[in-house]
Amino acid sequence: QVQPVESGGGLVQPGGSLRLSCALSGGGVSMYVMGWYRQTPGKERELVADISRGGSTNYADSVKGRFAISRDNAKNMVFLQMNSLKPEDTAVYYCRANRDRVYWGQGTQVTVSS
């Protein structure tokens, strides 16, 4: 069974940084399109960043230049480095693995507040 598991969320002040981690069990991260999504109450889940099997990355306009997605095949993990965080980045962040079907993690809360 393929299962992404997120970690690394928390409370951070505006302008601060966090790194989210996603460990993938049941499959190799290099064989999936791995993505980070986020969701706030009353809104649809939205793409933050993803990385293709070939290593190409894609970012939402709202996070370009501030966030970076990366993948460590040896550790079978995907990361989201988030810098210059803003209050509007507050959300539950989800890791997604996509190949023949989509697999979601349980989410990790990120709160940006002073």
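The values are calculated or read from the model by the stated rules, or taken from the named source; none is laboratory data. What you see is a predicted model, and the numbers here were worked out from it, not measured in a lab. When we count neighbours, we look across all protein chains shown, and the Cβ atoms used for this are built from the backbone with ideal geometry, even at glycine. Areas reflect the complete protein model, heavy atoms only, side chains present, ligands, DNA and RNA absent. Shrake-Rupley method; radii C 1.70, N 1.55, O 1.52, S 1.80 Å.
Among the residues of the range 10-21, none qualifies, meaning not one is free of Cβ contacts under 8 Å to residues at least 60 places away in the same chain and surrounded by fewer than 15 Cβ atoms within 10 Å (Cβ to Cβ).
The rows are residues; the columns are (1) in contact with a Leu (Cβ under 9 Å, 6 or more places away or on another chain); (2) on the phi < 0 side of the Ramachandran plot; (3) among the acidic types (Asp, Glu).
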site: TRP36; (1), (2), (3): yes, yes, no
site: LYS43; (1), (2), (3): no, yes, no
site: GLU46; (1), (2), (3): no, yes, yes
site: ASP50; (1), (2), (3): no, yes, yes
site: VAL78; (1), (2), (3): yes, yes, no
site: SER84; (1), (2), (3): no, no, no
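If the condition is being in contact with a Ser or Thr (Cβ under 6 Å, 6 or more places away or on another chain), assigned to a strand (DSSP E or B) and within 14 Å of LEU80 (Cα to Cα), then the range 3-21 contributes GLU6, SER7, SER21. For the range 77-91, indicate whether the set of residues that are open to solvent by 60 Å² or more (accessible area, probe 1.4 Å) and within 15 Å of PRO4 (Cα to Cα) is non-empty. The answer is no, given that none of the residues of the range 77-91 is open to solvent by 60 Å² or more (accessible area, probe 1.4 Å) and within 15 Å of PRO4 (Cα to Cα). Count of the range 22-32 residues, restricted to those that are part of a strand (DSSP E or B) and open to solvent by 60 Å² or more (accessible area, probe 1.4 Å), is 0. Scanning the range 98-114 for residues that are touching a Gly at 6+ places or on another chain (Cβ under 7 Å) and crowded, with 19+ Cβ neighbours inside 10 Å yields THR108, VAL110.
Only one entry of MET82, MET31, MET77 meets the criterion of being more than 16 Å from the chain's Cα centre (by Cα) and in contact (Cβ under 8 Å) with a residue 12 or more places away in the chain, and that entry is MET31.
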